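Here's the structure we're looking at; comments come further down.
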Amino acid sequence: MVCINCPMSCHLKVTLEDGQVKAVSGNTCPRGETYAIKELTNPTRMLTSTVNIKGAIHNGLPVITSGDIPKDKIFDVMKEITAAEVCAPVKINDVIIKDVCGLGVDIIASRSMEKVND
Amino acid sequence: MQDVVIIGAGIIGSFLAHDLSKYDLKVCVIDKENDVANETTMANSAIVHSGHDPKDDTLKAKLNLRGNEMYEDICKKLHVDFKRIGAYVVATNDEELEELSRLYEQSKRRNVPVRYVEREELVKNEPNISDIAIRAIDLPSTGIIYPWEVAIALMEVAVANGVDLHLGEEVTAIEKSENGYKVITSKGVIETKYVLNAAGVFADDIYRMVSDNVEFDITPRKGEYFVLDKLNQPLVNHILYPIPSQKGKGVLVLPTTHGNTLLGPSSDFVDDKKGINNTSDYLGYVRREVGKLVKNVPMDKVIRNFAGLRPTSSTHDFIIEEAKDAPNFINVAGIESPGLASAPAISEYVIETILKNKLALVKKSDAIDSLPPITDMKKLTEEERNAKIKEDPRYGHIICRCEQISEGEIVEAIHRNVGATSVKSIKKRVRPGMGRCQGGFCEPLVVEILARELAKQKNDIVYDDVESNVLVAKKGA
Amino acid sequence: MREVDVVVIGGGSAGLAAACKCKEEGIENVVVLERDKELGGILNQCIHNGFGLHTFNEELSGPAYAERFIDKAKALNVECKLNTMVTHISKDKVVEYVNPEEGYVRVQAKAIVLAMGCRERTRGAISIPGYRPVGVYNAGTAQRYLNMDGYLVGKRVFILGSGDIGLIMARRMTLEGAKVLGVAEIMPYSNGLARNMKQCLEDFDIPLYLSHTITNIEGKERVSGVTISEVDSNRNVVPGTEKHFDVDTLLLSVGLIPENSLTEEAEIEMNPVTKGAMVNESYETSIPGIFACGNVLHVHDLVDFVSAEGAKAGESAARYIREELKSAGGFNCKAKQNVSYVMPTRINVENVKDKVEFLFRVRVQARNATLNLYKDGELFRSIPKRHVAPAEMEKLIMKKSDLEGIKESFEIELVVD
């Protein structure tokens, strides 16, 4: 696998035994090892999208997960994001969806949007 | 019951509609396209040729000469740019020199203004002329226009004078009737006494709807082009023609009235009457041929390619006559180059030599000759601009940064009597999307303005034809 | 005519950083002219995260990154004019602009900062054969439609170019329910960050076709399909390698071009490689008092570098007004073997405070290469590089003392084993 922490893109060699990481090689810094273990045992991602917003400068409010979510939950979370709708004004970091899909992570606004008359 | 149905709203249909709108007649124009001037008129070399080139004793020769004379006045009335920048036909070897002198003599004989230009002067007037150029003839009466700007302005006058314009309506059959013809379309039936067939590459197909003895074929002959961005130093100051060949006038280099440069066309007979795709073979051909005329071509300034279809007839001349087996059905077909240059004369010829003998043509007393044009902020003085913005701030809101087009100008284009309903029709009228970003920045804003002004959802806005929605779905839908 | 100290053209990441820095340097009268209806520039549509690691030491979304600078500009009382298009700048620093409130206006600036950003290379610019139906979009335009307007441009998508915007849009459209059938890249390597390759393509099983390009676009009204073909090492299409995809959309992510029509009109000296202005160590162009920064100068991969460059240009504008800058003199900085360009292009050491940060791009992808630095043609220093790629901007910091004494030129070359 290729490490994605920096542009070096180190080619990592990971030895697995019973689904557990035994050894990581090929990395040039400790972040490579951490990444390899995480990616193979519990891959997670930050997710960004937009939520429909009324009365704002655009139709979409950019949002982001407040923390990593399991990679295989991305589409479940997207469903909730798509169903959500908010009204301006919104402040950056406002919680838009609390504890999304019961993952213990919130969907929060990643910018502020004022109310506009349009 | 219509007096005249014109099939086709290209440059020919538009001239016919405009000219006939001055008479006391019921006139209807039908086109399957969603806008006026959307096919061949939209994609050609945009030149009003001098008349030096067509063969003797052809309609092409006769009508080209007359058309060239007529354009200046017409464009002035219609408030459309027409620039007589002149053309050089350039010879690059001994064989071509011979042909050049033949063209010189032919032009003289036709009273087309012409003179020889030797290499020294050629280099002075055209610093980028190729090193192999030996001698040229100067044809100063040659001009440039944007053909669709002429067609749209003509159709606006026609509609203001009462012409009924049916866009997005395809003629599917024509039946002979007691008084003339029933034109059956995708939307209904239109009865008429006369039919003018100005259907461009489809003219033979339309003719076949009324005749079993169609004596000509129209074969689309494709031309591919490059468009260059506006340059700080012009590549050429004149239209540059190579020596013509069997295939036509050859690959040209010319400036446009809006300051772009056009390279092309190629020439390639195709089967598909909608086959306006670009091909790497013919684009490569244009690239190579251009090199024979000019050097230092900044190919990094290419902003667009396009291709157009010339309606080439099997008779090799314009076909402008009443159909032998279909009375009052008049073909105006095979209008390939110099069709644009001849267009006003073609309409005049149809009216004077054919319709006048059949119809009582009585001039309307209240017909108008022109409409005020869409505001062009670039042509106003600073004081006039600021007065306009004070009156309506949308004229101070620039939507297209490449061509510097304001929201006010776009809104005007939408609310004309032949109003823009699509992204492309706005582009044709006021030019957002014609520039170097090709609509990358302004298209979303144009879509927004169209949706607002036409009271539609954004995803109902089309780029061109009815199926060509810019946006396919609302997110999450 | 109104007189102002500094006019900043563009209220995106470069312009805002420049304007803020001017204010911090004590310049009173700073005006930002922004064509859009809000500040922040293209960041506002880049809703993905990963911005700001260098500037704020955290990963922000594009809009969140922009908001920090917008807030800062507000706090510093920077005058910002929205919906304002600059139509002309002159050599003597008269800026002409237009907006709905004031109409056409001219202001006399003491200094100008150019921060107009860039535009996407279009289909026309690369002459892709085929029909010209609706459904061929620049990736950034599709991004705007989706993230700001809330509409999808298509449901079955192919992408040409593995630049980061294309990769980001592959994921973004997939998340919104579109099917992305593949990404074609004409080069034998990806042009995007490894992270985007992984998280935007691999995560969603989107295939990447390296050494491939689009050879036909089908569909007369709407895109109905595309054909891709393999290219050889000279980027010529290999016949017989065609693959067809039924799609309704083709997104293009085939490069960015600095938006320099104003710069060219003012006859500022241009760099044919970057398509941006030639600038010196102070980010000053060939016209004293006119500065350039961000993507209008050269296309960056990281917004953090854009902001940093903006701040430098802003600081220089302030120094220019305080008459601390010497515009003439100095030596040239040049790209040698395997290096496409070096920024800045000229250095007057007298203007340098303590160091110069060079930004440059290499022409080849390589591991274990060597950077050689030459002063007046003589090898001065060699630096080993474990990894270089054309898609990644390189940074080189030189102390002022290392640059003193150079008469003619400073050159950078890359040697690959």
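Rule-based calculations on the coordinates, nothing more; no lab input. All values reported here derive from a predicted model rather than from experimental measurement. As a convention, Cβ positions derive from the backbone with ideal geometry for all residues, glycine included, and neighbour counts pool all protein chains shown.
What whole-number distance in Å separates the alpha-carbon centres of the stretch C:1-31 and the stretch A:46-93? Centre-to-centre (Cα) distance: 34 Å.
The share of alpha-carbon pairs in the protein assembly as shown lying farther apart than 46 Å comes to 35%. For the stretch C:172-188, backbone phi angles converted through the Karplus equation (6.51, -1.76, 1.60; θ = phi - 60°) give residue-by-residue couplings of 4, 6, 4, 4, 8, x, 7, 9, 9, 7, x, 10, 10, 10, 5, 7, x Hz, Gly and Pro being listed as x.
Which of C:PHE245, C:ASN196, C:GLY50 sits farthest toward the positive end of the charge dipole of the protein assembly as shown, with +1 on the Cβ of Lys and Arg and -1 on the Cβ of Asp and Glu? Positive-end residue among those listed: C:GLY50.
Overall size of the stretch B:1-153 from C-alpha positions, given as principal axis extents largest first: 61, 32, 26 Å. Once backbone amide H atoms are built at 1.01 Å from N, C:TYR151 has B:LYS475, C:LEU146 as its partners under 5 Å, excluding neighbours fewer than 5 places away on the same chain.
The aspartates and glutamates whose alpha-carbon is closer than 14 Å to the alpha-carbon of C:LYS400, local same-chain residues fewer than 8 away aside, are C:GLU281, C:GLU350, C:ASP354, C:GLU357.
Using Cβ point charges alone (K and R +1, D and E -1), the dipole size of the stretch A:2-78 about the Cα centre works out to roughly 220 debye. Loop-located trypsin sites (Lys or Arg not before Pro) in the stretch A:12-118 (DSSP state not H, G, I, E or B) with no more than 15 neighbouring Cβ atoms inside 10 Å: A:LYS91, A:LYS98, A:LYS115. Annotation for the stretch C:109-162 versus the stretch C:337-411: alpha-carbon center distance of 33 Å.
Under 5 Å from the amide H of B:ASN278 lie the amide H atoms of C:GLY130, C:TYR131, each residue being 5 or more positions distant or on a separate chain, with H modelled from the backbone and absent for Pro and chain starts. Working from label points 7 Å from Cα in the Cα-to-Cβ sense, the B:ASN417 to B:ASN237 distance is 4.2 nm. In the stretch B:377-460, taking the dipole from charged Cβ atoms about the Cα centre, the farthest positive-side position among B:VAL446, B:SER422, B:ILE405 is held by B:SER422.
Histogrammed with a bin width of 5 Å, the alpha carbon distances of the stretch C:5-144 distribute as 2, 9, 17, 18, 17, 14, 10, 8, 3, 1, 0, 0 percent, first bin at zero.
Test of understanding: express the Cα radius of gyration of the stretch C:219-333 as a ratio to 2.2 N^0.38 Å, with N the residue count.
1.59
With a Förster radius of 51 Å applied to the C-beta separation of C:SER224 and B:ASN93, the computed FRET efficiency comes to 0.65. What is the helix-to-structure angle for C:303-321, meaning the angle in degrees between its Cα long axis and the longest Cα principal axis of chain C, kept from 0 to 90 and rounded to the nearest 10? That helix lies at roughly 20 degrees to the long axis.
Sorted largest first, the principal axis extents computed over the alpha-carbon atoms of the stretch B:163-225 equal 43, 29, 19 Å. When you filter the trypsin sites (Lys or Arg not before Pro) in the stretch B:345-408 for DSSP loop state and at most 10 other Cβ atoms inside 10 Å of their Cβ, nothing is left. Segment B:THR58..B:THR353, full-extension length gain: 104.6 nm, with 0.36 nm per residue of separation and the alpha-carbon distance subtracted. Both the radius of gyration and Dmax for the stretch C:295-412 are 14.7, 46 Å, in that order, over alpha-carbon atoms. First measure r as the distance between the Cβ atoms of B:ASP392 and B:LYS363, then evaluate 1/(1 + (r/R0)^6) with R0 = 41 Å and state the FRET efficiency to the nearest 0.05. That gives a FRET efficiency of 0.65.
When only Cα pairs below 8 angstrom with a gap of at least 6 residues are kept, chain B shows a relative contact order of 19 percent.
The slack between B:ASP131 and B:GLU448, meaning 0.36 nm per residue of separation minus the straight C-alpha distance, is 109.1 nm.
Can you tell me which of B:411-423, C:319-331 comes out highest on packing, and rank the rest after it, using the mean Cβ neighbours within 10 Å?
Taking the mean over residues of other Cβ atoms within 10 Å, the ranking is B:411-423, C:319-331.
Computing FRET efficiency as 1/(1 + (r/R0)^6) for B:ASP212 and C:GLU28, where r is the C-beta to C-beta distance and R0 is 56 Å, gives about 0.05.
Counting other C-beta atoms within 10 Å, and keeping those with at most 13, which DSSP coil trypsin sites (Lys or Arg not before Pro) do you find in the stretch C:357-417?
Values: sites: C:ARG361, C:ARG363, C:ARG367, C:LYS375, C:ARG381, C:LYS385, C:ARG386, C:LYS395, C:LYS399, C:LYS400, C:LYS407; in loops: C:ARG363, C:LYS407.
Answer in residue order: C:LYS407.
Normalised by the number of residues in the stretch B:377-460, the average gap of Cα pairs under 8 Å and 6 or more apart makes the relative contact order 23 percent. Considering only the Cα atoms of the stretch C:159-210, their convex hull presents on average a projected area of 2.9 nm².
Each label was represented as a point 7 Å from its Cα along the Cα-to-Cβ direction; for A:CYS87 and B:ARG119 these points are 8.0 nm apart. 3J(HN,Hα) couplings calculated from phi for the stretch C:41-46 with the Karplus curve 6.51 cos²θ - 1.76 cosθ + 1.60 (θ = phi - 60°) are, in sequence order, x, 5, 4, 4, 9, 8 Hz; Gly and Pro show x.
Restricting to the stretch C:122-254, compute how many DSSP beta bridges are antiparallel as a %, nearest 5.
40 percent
To the nearest ten degrees, helix A:74-83 and the longest principal axis of the Cα atoms of chain A are 0 degrees apart. Placing unit charges on each Cβ (+1 for Lys and Arg, -1 for Asp and Glu) gives chain B a dipole about its Cα centre, and among B:TYR23, B:LEU78, B:TYR104 the Cα reaching farthest toward its positive end belongs to B:LEU78. Please compute, over every Cα-Cα pair in the stretch A:1-42, the percentage with a separation greater than 11 angstrom. Counting every Cα pair in the stretch A:1-42, those more than 11 Å apart make up 58 percent. Translational diffusion of the stretch C:116-213, estimated by Stokes-Einstein from the Kirkwood radius over alpha carbon pairs at 20 °C in a medium of 1.002 mPa s, is 155 µm² per second. Counting only DSSP beta bridges whose two residues both lie in the protein assembly as shown, roughly 70 percent are antiparallel.
For peptide C:65-76, what's the mean number of Cβ atoms from other chains within 10 Å of each residue's Cβ?
1
Rounded to the nearest 500, the 222 nm mean residue ellipticity of chain B from helices alone is -8500 deg cm²/dmol, with -39,500 (n - 2.57) taken per DSSP H run of at least 4 residues.
Which pairs in the list A:LYS79/C:LYS243; B:LYS60/B:LYS428; B:LYS193/B:LYS363; B:LYS32/B:LYS428 are over 24 Å apart, alpha-carbon to alpha-carbon? Long pairs (Cα-Cα over 24 Å): A:LYS79/C:LYS243; B:LYS60/B:LYS428.
For chain C, dividing the convex hull volume of the Cα atoms by the residue count gives 148 Å³ per residue.
Each principal axis of chain A carries a Cα extent, and these read 58, 29, 17 Å when sorted largest first.
Taking every C-alpha pair closer than 8 Å and separated by at least 6 residues, the mean separation divided by the residue count of the stretch C:329-417 gives a relative contact order of 40 percent. Note on chain C: antiparallel DSSP beta bridges, both residues inside, total approximately 60 percent of the bridges counted. Placing dummy labels 7 Å off each Cα toward the beta-carbon, the span from C:THR370 to C:HIS88 is 5.5 nm. Pairs of alpha carbons in chain B separated by more than 28 Å make up 53% of all such pairs. Residue by residue, the stretch C:405-415 carries 3J(HN,Hα) couplings of x, 6, 9, 9, 8, 10, 10, 10, 10, 10, 10 Hz when phi is fed to the Karplus relation 6.51 cos²θ - 1.76 cosθ + 1.60 (θ = phi - 60°); x denotes Gly or Pro.
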